[in-house]
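The values are calculated or read from the model by the stated rules, or taken from the named source; none is laboratory data. Here the structure is a predicted model, which is why all the values come from computation and not from measurement. A quick note on method: Cβ atoms are made from the backbone with ideal geometry, for glycine too, and the neighbour counts reach across all protein chains shown. Surface accessibility is based on the protein's heavy atoms, side chains included, excluding ligands, DNA and RNA. Shrake-Rupley method; radii C 1.70, N 1.55, O 1.52, S 1.80 Å.
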There are 2 protein chains.
Amino acid sequence: MGKANVWLRVLSLMILSASLHVPSRAQESRSLGLQTLVQPDLNLMPVPASVQLGGGSMRIDPGFTVFLTGHTDALLSGAAGRFMDRLAKQTGLLMTTNPVSARTPIMVVRVDHDSKPVQELGEDESYALEVSSNGATLTAPNDLGALHGLQTFLQLVSVSPDGFAAPAVIIKDTPRFPWRGLMIDAARHFIPLEVLRRNIDGMEAVKMNVFHWHLSENQGFRVESRKFPKLHEMGSNGLYYTQDEIRGLIAYARERGIRVVPEFDLPGHSTAWFVGHPEFASAPGPFTIERRWGIFDPAFDPTNEKVYKFLDEFIAEMAKLFPDHFFHVGGDEVNGKAWGANPKIQEFIRAHDLKGNAGLQLYFNKKLQGIVSKHGKSMVGWDEVLDPTLPKDIVIQSWRGQASLAEAAKQGYRGILSNGYYLDLGWSAARHYAVDPLGDAAAGLSPEEKQRILGGESCMWSEYVNAENIDSRIWPRNAAIAERLWSPQEVRDPAWMYARMHVLSAQLEWLGLTHQHNYTRMLHRIAGAASAEEFNALRTLADVVEPVKDYTREQTATEPATSDTALNRVVDAIPLESRVGREFGEMVDKYVASSCHDAGLGAMIRAQLVAWRDNDAKFRPLEQRSYLVKEVAATSLDLAEVASAGLAALDALEHGGNTDEAWKAQQSAVVQQAQRPKGQLLLMPAAAIQKLIDAASAGGSCAAPRQ
Amino acid sequence: MGKANVWLRVLSLMILSASLHVPSRAQESRSLGLQTLVQPDLNLMPVPASVQLGGGSMRIDPGFTVFLTGHTDALLSGAAGRFMDRLAKQTGLLMTTNPVSARTPIMVVRVDHDSKPVQELGEDESYALEVSSNGATLTAPNDLGALHGLQTFLQLVSVSPDGFAAPAVIIKDTPRFPWRGLMIDAARHFIPLEVLRRNIDGMEAVKMNVFHWHLSENQGFRVESRKFPKLHEMGSNGLYYTQDEIRGLIAYARERGIRVVPEFDLPGHSTAWFVGHPEFASAPGPFTIERRWGIFDPAFDPTNEKVYKFLDEFIAEMAKLFPDHFFHVGGDEVNGKAWGANPKIQEFIRAHDLKGNAGLQLYFNKKLQGIVSKHGKSMVGWDEVLDPTLPKDIVIQSWRGQASLAEAAKQGYRGILSNGYYLDLGWSAARHYAVDPLGDAAAGLSPEEKQRILGGESCMWSEYVNAENIDSRIWPRNAAIAERLWSPQEVRDPAWMYARMHVLSAQLEWLGLTHQHNYTRMLHRIAGAASAEEFNALRTLADVVEPVKDYTREQTATEPATSDTALNRVVDAIPLESRVGREFGEMVDKYVASSCHDAGLGAMIRAQLVAWRDNDAKFRPLEQRSYLVKEVAATSLDLAEVASAGLAALDALEHGGNTDEAWKAQQSAVVQQAQRPKGQLLLMPAAAIQKLIDAASAGGSCAAPRQ
């Protein structure tokens, strides 16, 4: 077989490199004779289903253009225009003013037919993209595949020794799952439309296809209702989306191959509804918009027939506004207190022989499902709504675990996974990446049952995010989840994922996403009028800390946060994952694995530790001037101290010295002290420094620490 | 006199600090007993006319608000709303949702009356701002002063040990000159409206009050003309402003206290007009839109009466569209070739006894002035238009030198200075800052003549700028010119200016200006998929180079740039002034002045030189992958080599060694080689390294190099 003509599934590549213990980063593979298999600059994310590499590359010149052949429509020509704008931004070349020369490579797009007027679950999203030195051809059965192929091409283009170019390649691509979503909670903190738009652009870049819009909460009702205007007028502090704005956003998403699924959370999470309509609540009003975070008592009264009449009319209005076939009704976290406290409701439960509050919620869900169904929609709900007596067209979104998703599939229900994909918990991208909708409990399902697992959704709950920092909570890490949902299951090497994710991260800024530069801006606010050296010292510290994980922020707050709390602290500004911290950890792992014989690595580790040890002195003047810096002063000191401990360990490893138990205990105590969160921050290099201490303590061979 | 009650003119402060050789940065002054005179965190730019410091500060809490008392109007309440938004961004506090408590300090704004419906030259722009721990009061005779005072308050607010705060202060402020402008050339490169808007926001922040909009050029006619639609339809490649957009921008500027003066450059610089209207040219057509840069032959035919009929109708239309009293007609750089080549025109010159082509242009200008005047406007022109036979209401904008401005003032004409304020020439902010409209030739004018010098304008000619990099050419350096035009003449210490300018620079990013983060983005494009270390190496190099100055870029280009040339090179991405380079130079100056006895400085210089010396190795892999990096590879090597030379000099200074003439010649040759521009870049640290070499060569006492 000729080198350039081997169809090669990326997944087999990955298996190969894994079995050979080959580093999966492309360039490193070269020395191992894999150069024909892996393209150095192929930074595609998500990884396509199959990739065949050719020879040479296609130059991107100012005369480059796109020709639409076959079926064309407004969506496609709009996409081609956006594609050209994006390419111009990405390259800095002027794409529009030059005449096309016959010799300039161009892209031909051939689409067979349009996609459905209202985008549907399960439409064909496949495409084929062929790039050679003469030009590119993108073919797809419909618009959706073409949209994905254009994004792939944009990721192929990069700067080269001779200009901008795309490598010669043949890609055949199709998604693993049909439901690949991002949920944004626009209710706890209102998220302006422009922020949603740029995040939808980001979704398009990583081939996600569902924007799940969480629109009502205790803290706000965010949609204009013309039938029930008191909902938004009294329940939103004036922060809501008009119906025109919503139609505009749906059209915007549609142009990018993205469905919009609205969520109105019922019967709990509903305080904001009752500010204008206390008559539907289970307890007497009046109600005010909730400002605290947590689970609250107010809930709709399932025993009140007027509630269903209201919901019927309300859902009729919303079903028309949101054209997608799926309609999310929430259904999570009803604590039952309002029902328990209302004798009339308890009497109803007895009279109807319902199984307590859970039975009452099921009663409510069945009636709600009927209403949703009546208006032509399929109901989606969080996993609490799962009950075998509900019709099979509902979809379960699992936030509590993969077991409930597997259970739903066994019972014949379709499901989407969000457990493991909560962006607000601050997990590493690698940890999200390791979660597979068909993993764990779902791995044992039959093929037919597996078909019912439609995909997954990352979730951005917004207690601690606003327009300023939401991008840095979602990006670039959401790309790891997007890849999990698009690419073959076997694509799962985290190092390769990180390498590509960092490249993508810079590209995402061309879309207007602010995950990188708002970090800098927010640090400037925190630092105030600082010298360059002082600012760099703050940045050095901020680069190696992460916010506390899961729900620790709530649990450790001295005073509970509310929707009025300013999000201007270091914990709000920093990315959720420290790249410097992770890369330092990898360096230490390699060094220890080399029995500390890799002098180059040793020198790099030392240089880093010296910089950290000396950083606190540069940082000090700032802490006198800014309350926002003062709260991280203890962490700055911790960094200096663990760095000193690391240097002591490195000295011992390189030159010997007393590293007895007492020494180890003393150094480890420094690390343990530093690992206690302060200012709701975690000091990421501490764990790697503990490894250096352990290695030094283990004596001569640092690769074999004591068991 | 009580400490806190001394009225203190900043100018006397500056004279004091200068005469004492006191470092002018506020904090450094402290050790010299000036702490009562200078407020450490008072980073105001432009410096107000007078400042009295009080004790304590006013907290900025979420309940902070502005109350308008006295006269109010839409402009003022709009400004208050924008002020609150800006304050919220700057502090990260939520300003809108909390109820105001009686104890929360607020700001009261009291304005006597509105400003003129169409803002006029010379309106009172003064204001008084009093801040105490109890609150703030801003008073102004009219809206304009209030706008300026709000901006001053925003600059007073900074992070403090206890939260955000503004120091207690009493400011009385008024501008030195009534005409403080920024000209943007939106014709050579079209500049989108959103870019103009954010630059107008920047102008408001530094109290500039004239936006001079350069709208026609050989390379484009940028205004919709309803009377003569062929002008924009055929002369703009579709890149023009509609009349609605223009009205919108004028309103936007008006809300910010900024007049908009349009410029239509006549009779030269006019190729784009003739694409649609060849009949008005001095040579037969057809004409095409010019893509090259430079001075071109096409010019209006002053002997053709139809030209004046056309201009009368055109200016009638434009005079209505642009409400400002001043109307700029250009008048510069007519090379006369088209006139010389046309026998009919030469015959006209003879027949009318005109003094050659210059006389013909004067003839044209007089008729043009009559038309402008007929439509109720005063004519502004570049200094070529100056002639004593023109009426005294015209205004001369001097680009060729201060002498012509002084000459105009003597003849009774009003003038504005732009010579010395050309932002595209890449001068340092300090060099612009040193240029004074009443300096040089103007210094000898009589008080009455000086009154005719209305102020000045910075000019952003756009051969090498587009929407992506224009902000970094204008900001923050334009603030130095704004200060020159607003603040007392005696405020002129460049070190103090730079200290405040760097603080302002970060604040300007809150307005959406991209001067900082587009630099990073453009470097990412240049680097492509780089590792963090590789990217930092590129950044380290980019941070110490500047584009070649003045018109050297044109003169050194291997192939002449045109309007189709991509502006994606390192020379396009970097700021025009290297902060790192400047600060390194200051460090070396101090070190040499200390007779090289300041060991701390020596260590810092050494650390910097080592980092530069070692940077090239980290940078190398990138140059193999990106053509945009490759062109700066020689400069990277130069940096390594001058750094090595600097280290050799530092070694000699610290430890002695052979530094004879041969050594000096050898080291200096390295520096001279590096000082030759490559890739149209200047390597800024080279000059300071030469000083180290000179000092080392001078032997024992480095403070006294050989005469």
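Straight Cα distances below 12 angstrom link residue A:664 to the aspartates and glutamates A:694, with same-chain residues fewer than 8 positions distant left out. With a ≥ b ≥ c taken as the square roots of the eigenvalues of the C-alpha gyration tensor of chain B, please select rounded if a/c is under 1.5 and otherwise prolate if a/b is larger than b/c or oblate if it is not? Since a/c reaches 1.5 but b/c is at least a/b, the shape of chain B is classed as oblate.
Can you give the % of DSSP beta bridges in the protein assembly as shown that are antiparallel, to the nearest 5? Here the share of antiparallel DSSP bridges comes out near 40 percent. Backbone phi angles across the stretch B:224-233, fed through the Karplus curve with coefficients 6.51, -1.76 and 1.60 (θ = phi - 60°), yield HN-Hα couplings of 5, 10, 7, 6, 10, x, 5, 4, 7, 5 Hz in residue order; Gly and Pro are listed as x.
Each residue of the stretch B:204-214 was assigned a 3J(HN,Hα) from its phi angle through the Karplus curve 6.51 cos²θ - 1.76 cosθ + 1.60 (θ = phi - 60°); the sequence is 4, 4, 10, 6, 7, 10, 9, 9, 9, 9, 7 Hz, with glycine and proline shown as x. The stretch A:562-586 and the stretch B:288-314 have their alpha-carbon centroids 59 Å apart. Would you mind counting up the charge near residue B:595? Only other residues with Cβ under 13 Å from its Cβ, with Lys and Arg at +1 and Asp and Glu at -1. Taking every Cβ under 13 Å from that of residue B:595, the sum is -2. Is the stretch A:225-368 rounded, prolate or oblate when judged by the Cα gyration tensor, a ≥ b ≥ c being the square roots of its eigenvalues, rounded requiring a/c under 1.5 and prolate requiring a/b larger than b/c? Prolate, because a/c is 1.5 or more and a/b exceeds b/c. Here is the interface size for A with B: some 3600 Å² of accessible area buried, both sides summed, with a 1.4 Å probe.
For the protein assembly as shown, the dipole from Cβ point charges (+1 on Lys and Arg, -1 on Asp and Glu) about the Cα centre works out to 260 debye, to the nearest 20.
In summary, the lysines within cross-link reach of residue A:227, defined as a Cα separation below 19 angstrom excluding same-chain residues under 8 places away, comprise A:306, A:309, A:320, A:374.
What residues does the stretch B:128-173 have that are buried by at least 30 Å² of accessible area in the full protein assembly compared to the chain on its own, 1.4 angstrom probe? Those residues are B:159, B:161, B:164. Here r is the Cβ-Cβ distance between residue A:449 and residue B:610 and R0 is 60 Å; the resulting FRET efficiency, rounded to 0.05, is 0.45. The calculated pair-distance distribution of the stretch B:217-285 uses every alpha carbon pair, bins of 10 angstrom beginning at 0, and gives 21, 44, 25, 8, 1 percent.
With a cut-off of 13 Å between beta carbons, the residues surrounding residue B:409 carry a summed charge of 0, where Lys and Arg count +1 and Asp and Glu -1. For the residues of A:477-490, the average number of beta carbons from a partner chain within 10 Å of their own beta carbon is 0. Taking the accessible area of the protein assembly as shown, probe 1.4 Å, and keeping the other protein chains in place, the carbon and sulfur fraction comes to 54%. Sites listed here are GluC sites (Glu not before Pro) in the stretch B:489-563 whose DSSP assignment is loop and whose Cβ has at most 15 other Cβ atoms within 10 Å: B:490. Under the convention that each Lys and Arg Cβ holds +1 and each Asp and Glu Cβ holds -1, the size of the dipole of the stretch A:299-424 around its Cα centre is about 280 debye. Rolling a 1.4 angstrom probe over the protein heavy atoms with all chains in place gives the protein assembly as shown an accessible area of 37 Å² per residue. For the stretch A:306-376, which trypsin sites (Lys or Arg not before Pro) are both in a DSSP coil and crowded by at most 15 other Cβ atoms within 10 Å? When the trypsin sites (Lys or Arg not before Pro) of the stretch A:306-376 are filtered for loop state and at most 15 Cβ neighbours within 10 Å, A:355 remain.
Using only Cα atoms, locate the centre of the stretch B:171-210 and the centre of the stretch A:656-693, then give the distance between them in Å, rounded to an integer. Going from one Cα centre to the other spans 54 Å. Express in whole angstrom the spacing between the alpha-carbon centres of the stretch B:222-269 and the stretch A:444-507. If you average the Cα positions of each part, the centres end up 47 Å apart.
On average, how many beta carbons from a partner chain sit within 10 Å of the beta carbon of a residue in B:517-529? Average per residue, whole number: 5.
As a rough guide to protection, the peptides B:265-272, B:174-181 ranked by mean Cβ packing within 10 Å, highest first, stand as B:265-272, B:174-181. Evaluating 6.51 cos²θ - 1.76 cosθ + 1.60 at θ = phi - 60° for every residue in the stretch B:103-111, the Karplus couplings come out as 8, 6, x, 10, 10, 10, 10, 10, 10 Hz, glycine and proline recorded as x. Summing charges over neighbours of residue B:120, with a neighbour being any other residue whose Cβ is under 12 Å away from its Cβ, gives -1 when K and R count +1 and D and E count -1.
Using the Cβ-Cβ distance between residue B:325 and residue A:552 with R0 set to 60 Å, the FRET efficiency from 1/(1 + (r/R0)^6) comes to roughly 0.40.
Dipole check for chain B: with +1 at the C-beta of Lys and Arg, -1 at the C-beta of Asp and Glu, and the Cα centre as origin, the magnitude is about 500 Debye.
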